[in-house]
Every structure is written in C-alpha cells, then in structure tokens.
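Visitor: Sharing a structure here in structure tokens format.
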Amino acid sequence: KEELRELREEPTDPQAQQEIINSIEEVYFSNDSFDIVKYELERLPPVLSLQELEEYRDKLKQQQAAVSKKVADLILEKQPAYVQELERVTSLQTGLQLAAVICTNGRRHLNIAKEGFTQTSLGLLANQRKRQLLIGLLKSLRTIKTLQRTDVRLSEMLEEEDYPGAIQLCLECQKAASTFKHYSCISELNSKLQDTLEQIEEQLDVALSKICKNFDIGHYTKVQQAYRLLGKTQTAMDQLHMHFTQAIHNTVFQVVLGYVELCAGNTDTKFQKLQYKDLCTHITSDSYIPCLADLCKALWEVMLSYYRTMQWHENHDPDEAAAVSSVSDGSNVIGTEENSFDRSYVKKKLEHGLSRIWQDVQLKVKTYLLGTDLSNFKYDDFIFVLDVISRLMQVGEEFCGSKSEVLQESIRKQSVNYFKTYHRTRLEELRMFLENETWELCPVKSSFSILQLHEFKFMEQSRSPSVSPSKQPASAISTTVTLFEQYCNGGNPFEIQADSKDDETEDVLASNG
C-alpha cells in the first residue's frame, strides 16, 4: 500500500499515464465477478523466474497506480458538482419533511371538517335527493294506480254513451302508459287498454247502427266525434251505409215475419228460416194491406234517418271547416287537408248512397207486391194499395229524384192482372143485369154530382196529397212542402194515408145513403 501511495504521489506525465492505462488488458474491464487472482495465477509459466515475476509485479503496480490516480483526479474534478447535488438532496429532504407535515395537518383538518360540516351537509343533500326520487316514484305510483282504475271509469262512460270522452280517456291512458312502459306492470295494462279501445270501437259500431231507425242529433254527434278522435271518419261512413242496407233488410223481414206468424197462429219458428221472397208468399189477403202500410212506415223511418243524417253533415261540416280554418297555421296544414278530404269523401258517399238506399227499398217493396196475387182484392183495397205505392214513389222522388221504375213496373204488372180479372168479372155481372133487369132513370137530388159516386171518386184525388208530383201543377210543386220537411220532426205520411182511407169509405157510404 505504501508503494502504491508513493507511486500515486509521484508526478507523472498524463500522456505516459494514459499509455499505462491503455496497456491494461481488456479482461480487467469485463465485469465485477472477474477473479483477478485466479486469472494471474493461471497465466504463470510452468517454470517460475523471480526476476520476471518481480518485473511483472512492478508492471501491475504501475498500472494500478495509474488507475488509482485517474480515479482520484476524476473525483477531484467532480467534487463541486457532488457538493451541489448533495445540497439539492438535502434541500429536497427538508421540503419533503415540510410537505409531510402539511399533509398531516391537512388530513387532520379534513377529518374535523368531515365530522363537523361536510358529512352532515352531504347527508342532508343525499336525503333531499332521496326525497325527490321518492316523490317522483309516488307520483308514478299514483298515476299507475289511476291507470289501473281506468277500466271502471271507461265502463261507466260507455254506459252513459259518452263515446268521445271514453276514447279520449283511453288514448290519454295509452300515452301515459307509454311513458311508464319501463314498469313491468304497465306492459299488461297497455295491452288491456288496447283491448278496451277495440271494445269501444265495437260498441261505437253498435251505436252507429241505431242511427238507421231512430236518428238522434245528440247521439249521432257523439258517435261522429268519437270516430273523428279515432281518425276513422271514412270508415264510419262506410259502416253507416252497411248498417242502412242491413237495417232495410232486417226491418222488412221483421215486419213481414210478424204478420205471417200472427196469421199462422202458432209459435212455429220455421218462418224465421225462410228467405224474404218466400216469406212474402205467406201473407194472407186480410193482412196484406196492414202489412204493406207498416212496411212503408218502417222504410220511411229508415229513409228519414238517412235524410236527417245528410242534414246533420250539411249543417255541421261547414261549421267545423270554418273553425279549423280560423285556427290553422303552417304546423297543421296537413291535418286541415285531411279534414277537407274526409268531408269531401263523406259528402260524395252520402250523395251516392241515396240511390242505393232507394234501390234497396224498391226491391224489397217490389218483392212484397209481387209475392201475392191481388186480382181477388176488393176494389177499395186495390185502390188503397195503389195510393200507398204512389205515396211511396213520391217519397222516392223527393229522396233522390228517382222515377221509381222498379215500383212502377211491379205495380203495372199487378194493375194489369187485377183489371183483367176485374173487367171480366164486371162484364159477366153487367151481362146478368142487362139480361135480367129492367132499367129506369134514378131520381137524384138537385145537388147531385158525379163525384159523389164511388166509381168516380178518383177524380177528387187532384186535391189529395197522395197525387204524384209529376201530375201536379208547377206552381204547386214550388210552394208545396216536401214530405221529409213536413214529417222531419215526427209523424209518418203513411199513417195519414191509412186515416184518409177510412174517411173516404165513410164519405162514400154517407153519400150513397
């Protein structure tokens, strides 16, 4: 060690020192686990020489001294940087200690704040938030409870025939149900509401069918409002025409069936299975005229209901169009166009339905007329049949402007058949009188008129309301009130027809004495 210290302290040439360091074998710089002693011992020659060993040892010492000096020089060179860095480390250590104290104090103060203020305040906020959530939940539960009880209220409204209110309530409930659809109990309720809405539509269709026989303005207004809420105005009009057609068929069938069963005098149900055409053939001569009168009365009620339905649309649709146009803007132009299209469709459908309804009436009455042979009827009875059919044709002309060709043809057939038989019978009767009776002038009063004779009574019918409009003067037509206007609010033209028949018979008997 002393020798190495001396060697390090000896002034040396830097270049020579660098050459000594460069002469060191590379193996000494390999890694820390290198065993230098073992390496040098293994390098010894087989035959040892003291002088060579001492020389080699001196060489190694020189190399060690050069390395040590180099290391000492580098340490001295880096000493200021080391001192500076050590100061920085010391300063950092002091800062970290201060930060630890600050963090400790901060945590202590935070714990105090948490216990004294934050925990209580946040607890209040959490409770308030929970309260708001529970209030919302309570509101939802009340709404669901109301939805669950809606079916009871809907049933009450249907019993009261408040169809618009029921549909409005059902649609609102469906909208509310869609809002709460995330609840499992609402899915079942939604399907139940849909079933209820379909049930309302079925009852609405039944209510619509009642219009055909007894038109009521309030009832029909509710039905139309209900269909408008459903957006099925056109469907309602199609259904209405189907109901009118069905009403005509059911009405005439029930009237004729009632008389047939009454005349049959038993409760046999075989007549109910017959077709209307076959049923008409079972009408007896005694019940033919009363049945015809009741048939026309019933058909008049159906046609009057149709007439009042058209009046309702003529009065209400323009008002509705004006109301819609007064509040229309750019946002509901499409809805206004749809309403206008619906009104146009309804108007055309009703106008087209006039001829269809009247055609059905004609066919039903024709079937009844031709179902019985009238050739054996009394003269007065046959004239009464002609008068009823004439009144019915007048109704048809006022109803849709029809000339009633079907009725004219059927009554013409019956008239030709009747008068052929009547003429043949009267000719035989006249022949008998001519061959067996003597003839003298009949004394009559000075006030006698040919119109007092039963055979010429028809000449007075020019003053009767049952005369066909085609045979009335033009001035009379312009001033005469139509049958639909006359009997719009009550009564039946065919009831007056029956009364006039009785009065006419009494007048004839009185005049003949």
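Visitor: Quick one: order H182, H243 from most to least accessible surface, probe 1.4 Å.
Guide: H182, H243
Visitor: Another question, then. Holding the Cα-Cα limit at 18 Å, pick out from K364/K403; K139/K175; K210/K348; K420/K457 the pairs that are longer than that.
Guide: K210/K348; K420/K457
Visitor: Where does the Debye-calculated log10 I(q)/I(0) of the stretch 1-134 sit at q = 0.19, 0.20 Å⁻¹, using only Cα point scatterers of equal weight, no solvent?
Guide: Evaluating at q = 0.19, 0.20 Å⁻¹ gives log10 I(q)/I(0) of -1.16, -1.22.
Visitor: Mind checking the dipole of the chain: about its Cα centre, +1 per Lys or Arg Cβ, -1 per Asp or Glu Cβ, Debye to the nearest 20?
Guide: So the dipole magnitude of the chain works out to roughly 940 debye.
Visitor: For Q148 and F117 in one chain, what is 0.36 nm times their gap in residues minus the Cα-Cα distance, to one decimal in nm?
Guide: 6.6 nm
Visitor: Using a 1.4 Å probe on the protein chains only, how many percent of the accessible area of the chain belongs to carbon and sulfur?
Guide: 55
Visitor: Straight distance only, please: which lysines reach the Cα of K69 with their own Cα at less than 20 Å, same-chain residues fewer than 8 apart left out?
Guide: Partners found: K1, K59, K61, K78.
Visitor: Sum -39500 (n - 2.57) across every DSSP H segment of at least 4 residues in the chain, then divide by the residue count to get the 222 nm mean residue ellipticity, nearest 500.
Guide: When only DSSP H runs of four or more count, the value is -26500 deg cm²/dmol.
Visitor: How do E42, E397 stack up against each other in accessible area, from largest to smallest, with a 1.4 angstrom probe?
Guide: From most exposed to least exposed: E42, E397.
Visitor: Consider the candidate values (i) 43; (ii) 31; (iii) 59; state which one is percent of Cα pairs over 42 Å apart computed from the structure displayed.
Guide: Computing percent of Cα pairs over 42 Å apart and matching it to (i) 43; (ii) 31; (iii) 59 gives (iii).
Visitor: Another one. Ranked from highest to lowest mean number of other Cβ atoms within 10 Å per residue, what is the order of the peptides 363-371, 274-282?
Guide: Highest to lowest by the protection proxy: 363-371, 274-282.
Visitor: Also, quick follow-up: On the full set of protein chains, 1.4 Å probe, figure out the accessible area of K348 and give it in Å² to the nearest 10.
Guide: Looks like 140 Å² after rounding.
Visitor: List the DSSP H helices in the chain whose Cα atoms stretch 15 Å or more along the helix axis and whose mean Kyte-Doolittle hydropathy is at least -1.0.
Guide: 50-113, 119-148, 163-179, 184-210, 217-230, 233-264, 285-327, 333-370, 379-400, 405-436
Visitor: Leaving out ligands and nucleic acids, and using a 1.4 Å probe, what accessible area per residue does the stretch 204-261 come to in Å²?
Guide: 40
Visitor: Pull out a ≥ b ≥ c, the square roots of the eigenvalues of the alpha-carbon gyration tensor of the stretch 241-300, then state rounded if a/c is under 1.5, prolate if not and a/b is larger than b/c, and oblate in the remaining case.
Guide: Oblate is the answer for the stretch 241-300, as a/c is 1.5 or above yet b/c matches or exceeds a/b.
Visitor: Ok, one more. Suppose all protein chains stay in the model; what accessible area per residue would a 1.4 Å probe give for the stretch 349-425, in Å²?
Guide: So the stretch 349-425 comes to 44 Å² accessible per residue, rounded to a whole number.
Visitor: Just check the stretch 116-246 against the gyration tensor rule for me: Cα atoms, a ≥ b ≥ c as the square roots of the eigenvalues, rounded for a/c under 1.5, and otherwise prolate or oblate depending on whether a/b exceeds b/c.
Guide: prolate
Visitor: Please give the per residue accessible area of the stretch 36-186, computed with a probe of 1.4 Å over protein heavy atoms only, in Å².
Guide: For the stretch 36-186, the per-residue accessible area is 79 Å².
Visitor: For D195 and M242, compute 0.36 nm times the residue count separating them, minus their Cα-Cα distance, and round to one decimal in nm.
Guide: So the extension gain works out to 14.5 nm.
Visitor: Then there is this: Assuming a ≥ b ≥ c are the square roots of the Cα gyration tensor eigenvalues, decide whether the stretch 142-205 counts as rounded (a/c under 1.5), prolate (otherwise, with a/b larger than b/c) or oblate.
Guide: The shape class here is prolate.
Visitor: Dipole of the stretch 26-140 (Lys/Arg Cβ +1, Asp/Glu Cβ -1, origin at the Cα centre): which of A65, L110, V89 lies farthest to the positive side?
Guide: L110
Visitor: Still on this model: On the principal axes of its Cα set, how long, how wide and how thick is the stretch 205-322? Give whole Å, largest value first.
Guide: Projected onto the principal axes, the Cα atoms of the stretch 205-322 cover 57, 24, 20 Å.
Visitor: Enumerate the residues in the stretch 75-101 having an amide nitrogen under 17 Å from the point lying 7 Å beyond the Cα of H109 toward its Cβ.
Guide: Zone members listed by number: 98-101.
Visitor: Starting from 0.36 nm per residue, how many nanometres of slack lie between Q174 and E87 once their C-alpha separation is accounted for?
Guide: Stretched fully, the Q174-E87 segment lengthens by 23.3 nm.
The values are calculated or read from the model by the stated rules, or taken from the named source; none is laboratory data. All figures in this text were calculated on a predicted structure; none of them were measured in a lab. Don't worry about glycine lacking a Cβ; one is built from the backbone with ideal geometry, like all the others, and counts go over all protein chains shown. Surface areas here come from the heavy atoms of the whole protein model, side chains and all, with no ligands, DNA or RNA. Shrake-Rupley method; radii C 1.70, N 1.55, O 1.52, S 1.80 Å.
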